[in-house]
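Asker: Structure incoming, see below.
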Amino acid sequence: MKPHYFKQEKADTDDGYLEQAIGQGYVPKTCLLGGFIVLWEVKAGRDPCKGCRGPREKCKGRDVH
């Protein structure tokens with residue numbers, strides 16, 4: 001499990017936490033943030049996209065900056 005997949009075109013398929021977060025609608029299906037980080041942010045009551053510094057052109061995340 002990686003903290004992010006910014007240097008890849010898509011996340012690793014074995015990141016179950018990311019798949020869970022995507023399935024629950026916390027992040028878009030093209031998210032490149034590691035699933036553990038996403039769920040940590042959600043559990044803390046924060047928007048994972050807001051704290052992410054990843055490339056929006058690749059992940060299609062919400063533009064919150």
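Just so you know, all these numbers are worked out from the coordinates, no wet-lab data involved. Computed from a prediction, not measured in an experiment: that's the story for all the values here.
Asker: At 37 °C and 0.692 mPa s, grab the translational diffusion coefficient of the chain from Stokes-Einstein with a Kirkwood Rh over Cα pairs, rounded to a whole number in µm² per second.
Answerer: For these conditions, the coefficient is 289 µm²/s.
Asker: Using only helices, what value at 222 nm comes out for the chain when you add -39,500 (n - 2.57) per DSSP H run of length 4 or more and divide by the total residues, to the nearest 500 deg cm²/dmol?
Answerer: It lands at -9000 deg cm²/dmol.
Asker: Each residue of the range 22-33 in order: what ³J(HN,Hα) in whole Hz does its phi give by Karplus 6.51 cos²θ - 1.76 cosθ + 1.60, θ = phi - 60°, with x for Gly and Pro?
Answerer: 5, x, 8, x, 6, 9, x, 5, 9, 4, 10, 8
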